[in-house]
1. Enumerate the strands (runs of 3 or more DSSP E) found wholly within the range 328-378, keeping only those where 1 or more residues are closer than 19 Å to residue 226 by Cα.
2. Check the range 236-252 and report whether any residue there is over 30 Å from residue 142 (Cα atoms) and modelled with pLDDT of 95 or more.
3. Within the range 60-73, identify whether any single residue is without any contact (Cβ under 8 Å) to a residue 40 or more places away in the chain, more than 31 Å from the chain's Cα centre (by Cα) and part of a loop (DSSP other than H, G, I, E, B), and answer yes or no.
4. Being surrounded by fewer than 21 Cβ atoms within 10 Å (Cβ to Cβ), over 18 Å from residue 15 (Cβ atoms), within 28 Å of the chain's Cα centre (by Cα) and at pLDDT 95 or above is true for just one of 108, 99. Which residue is that?
5. Would you please name the residue that is farthest from residue 434 (Cα to Cα), looking only at residues in the range 139-165 that are without any contact (Cβ under 8 Å) to a residue 40 or more places away in the chain and not in a loop (DSSP other than H, G, I, E, B)?
6. When the residues of the range 379-428 are filtered to those that are part of a loop (DSSP other than H, G, I, E, B) and on the phi > 0 side of the Ramachandran plot, which remaining residue is surrounded by the fewest Cβ atoms within 10 Å (Cβ to Cβ)?
7. Exactly one of (1) more than 24 Å from residue 51 (Cα to Cα); (2) outside the structural domain of residue 200 (by TED's automatic domain parsing); (3) crowded, with 23+ Cβ neighbours inside 10 Å is unmet by residue 124. Its number?
8. Looking only at the range 227-240, how many residues end up being in a strand (DSSP E or B) and either within 20 Å of the chain's Cα centre (by Cα) or without any contact (Cβ under 8 Å) to a residue 12 or more places away in the chain (or both)?
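The values are calculated or read from the model by the stated rules, or taken from the named source; none is laboratory data. What you are looking at is a predicted structure, and each value in this text was computed from that prediction instead of being measured. Every residue, glycine as well, gets a Cβ built from its backbone with ideal geometry; the counts of neighbours run over all protein chains shown.
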């Protein structure tokens, strides 16, 4: 067990930022810390070193070459000697241009967290009552443990971030604030138990998890979710969840809910609807392919009804893009099954999206992965969309477009995906699972990035001319 641990990496242009923690038993006035780095594959004997001040927990390494992999570690030496008394695990990072602010990074060949995985996934963002932002992500790799999540905070509106805690077991988590406390709604692992935890100190410590739905498995199906909205409506909190697995052919749609004044850590507070199976006979569904739904958004319609707007897996079908499924939620009976409402035209249906209602503009807004190639799984364009009625959606503006800007990596290697976001006054603040600068592929990302869309309502006015 290492007594010094690198807890955050954030590469940028010709630089790498890193944070670390030191166990109390390792701290001493008779030692000092230094950060060491070397080109990946070289011996530590060739390493450069930066001695850090006593009590420091972060540093920036500059003068690096973009596109080159570097090995980094933090060592603790006995004062006045070259003796290393503690050292962190070796971490890897590749500097280069990254849009937005890097919250965290995992190199695809960094095996530090390999029991859970080695790519960044499931970004989630919330705002604490004091205005600070808190963010989380899990660590993913197919058929690995997929059970570890990290929490970060920003005290300066997202300009800088620092590590706060790790949560285990925790996967597919969504942070949300309710009655002044921070909660994490997640599964324990892929198709594991649906869990909820609470933090009363901004994410630094967490309660023991409460089980809402028992664990399943890939083979027999289980709870499936993502960082999807938690919505307050008619005295209850509501959030979408699915049940099934890709191995079984897809997922059935459901909803969990609890009274707003109830104890969210009491499993008896939670109602779980039956899970509705996709029906190809629903009017307006696609022909062919292997259609299914997942990662739903609970939204209140203009008429005050509660619906679930779901990502629609249309690849291989006719049409193969541009549709979403809307289901009715019975807000008077939280144990009632969902019912089919309609199929709508919706850009970016092939990737997880988040829909939220803005009371200022009286419009719904969503960040989606717009597709402009025959590859409908494309995720290298992030687009702001809007609707007045949840049915008719319009493209407002591309926020990030790495398909048409001449970027050397193509749609197989770049993704801005699974974006979770909040309104922040006249701005939107968003957290992205970002694959760029040497990710394994577009899906298995290597960054979590923060983005601010300033004066987002004006973008729609500008698009109208």
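1. Numbers: elements: 339-345, 354-358, 363-368.
The strands (runs of 3 or more DSSP E) meeting that bar are 354-358, 363-368.
2. Initially, the range 236-252 is screened for residues over 30 Å from residue 142 (Cα atoms), giving 236-237.
Those still in the list that are modelled with pLDDT of 95 or more too: 236-237.
Looking for residues that are over 30 Å from residue 142 (Cα atoms) and modelled with pLDDT of 95 or more, one finds at least one in the range 236-252, hence yes.
3. So in the range 60-73, the residues without any contact (Cβ under 8 Å) to a residue 40 or more places away in the chain come out as 68, 71.
Subsequent filtering for residues that are more than 31 Å from the chain's Cα centre (by Cα) retains none.
The answer is no, given that none of the residues of the range 60-73 is without any contact (Cβ under 8 Å) to a residue 40 or more places away in the chain, more than 31 Å from the chain's Cα centre (by Cα) and part of a loop (DSSP other than H, G, I, E, B).
4. Numbers: 99 fails: over 18 Å from residue 15 (Cβ atoms).
Being surrounded by fewer than 21 Cβ atoms within 10 Å (Cβ to Cβ), over 18 Å from residue 15 (Cβ atoms), within 28 Å of the chain's Cα centre (by Cα) and at pLDDT 95 or above holds for just one of 108, 99, which is 108.
5. Residue satisfying both the conditions and the ranking: 149.
6. In the first step, residues of the range 379-428 are kept if they are part of a loop (DSSP other than H, G, I, E, B); the result is 379-380, 388-392, 402-414, 425-426.
Next, only the ones that are on the phi > 0 side of the Ramachandran plot stay: 390, 406, 425.
Working: 390: 25, 406: 6, 425: 9.
In this case the residue turns out to be 406.
7. (2)
8. 5
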